[in-house]
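I have placed the structure first, in the form of structure tokens, so that the comments after it can refer back to it.
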Amino acid sequence: MSDNEKSQAKVEQAEGKLKETAGRAVGNERLTAEGRAEQAKGDARQAKEKMKDIFKH
């Protein structure tokens, strides 16, 4: 996994978790949904990079 892509995936996951938690704390469904979507984007990026690593070896 390239270091840049890996770190970007982790950042997206962390930002998403933060948004989701903040949205729940204030009762903002839109912010909660954005957080979930951002986490999913980070998860997908991480999965893509893992697959690339598998096929490299």
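The values are calculated or read from the model by the stated rules, or taken from the named source; none is laboratory data. Source: prediction; values computed, not measured. FYI the Cβ positions are ideal-geometry reconstructions off the backbone, even for glycines, and counts take in every protein chain you see. With ligands, DNA and RNA removed, areas are computed over all heavy atoms of the protein, side chains included. Shrake-Rupley method; radii C 1.70, N 1.55, O 1.52, S 1.80 Å.
Roll a 1.4 angstrom probe over the protein heavy atoms and tell me the percent of accessible area of the chain that is carbon or sulfur.
Carbon plus sulfur share of accessible area: 57 percent.
Please give the helix 29-56 orientation as an angle from the longest Cα principal axis of the chain, in degrees from 0 to 90, rounded to the nearest 10.
So the helix axis and the longest Cα principal axis differ by about 10 degrees.
Defining a contact as two alpha carbons under 8 Å apart and six or more residues distant in sequence, what relative contact order in percent does the chain show?
About 44 percent, as a whole number.
Taking N as the number of residues in the chain, what is its alpha-carbon radius of gyration divided by 2.2 N^0.38 Å?
Taking N as the residue count of the chain, the ratio is 1.31.
Assuming 0.36 nm per residue, please report the length gained on full extension of the stretch residue 28 to residue 56 beyond their Cα-Cα distance.
That works out to 5.8 nm of additional length.
What are the ³J(HN,Hα) couplings of region 16-24, residue after residue, when phi is run through the Karplus curve with 6.51, -1.76, 1.60 and θ = phi - 60°? Round to Hz, x for glycine and proline.
Each residue of region 16-24 in turn: x, 5, 4, 4, 4, 5, 5, x, 5 Hz.
What distance in nm separates the two pseudo spin-label positions at residue 6 and residue 44, each 7 Å out from Cα along the beta-carbon direction?
2.3 nm
For the chain, what is the accessible area per residue in Å², given a 1.4 Å probe and the full set of protein chains?
Normalised by residue count, the accessible surface of the chain is 72 Å².
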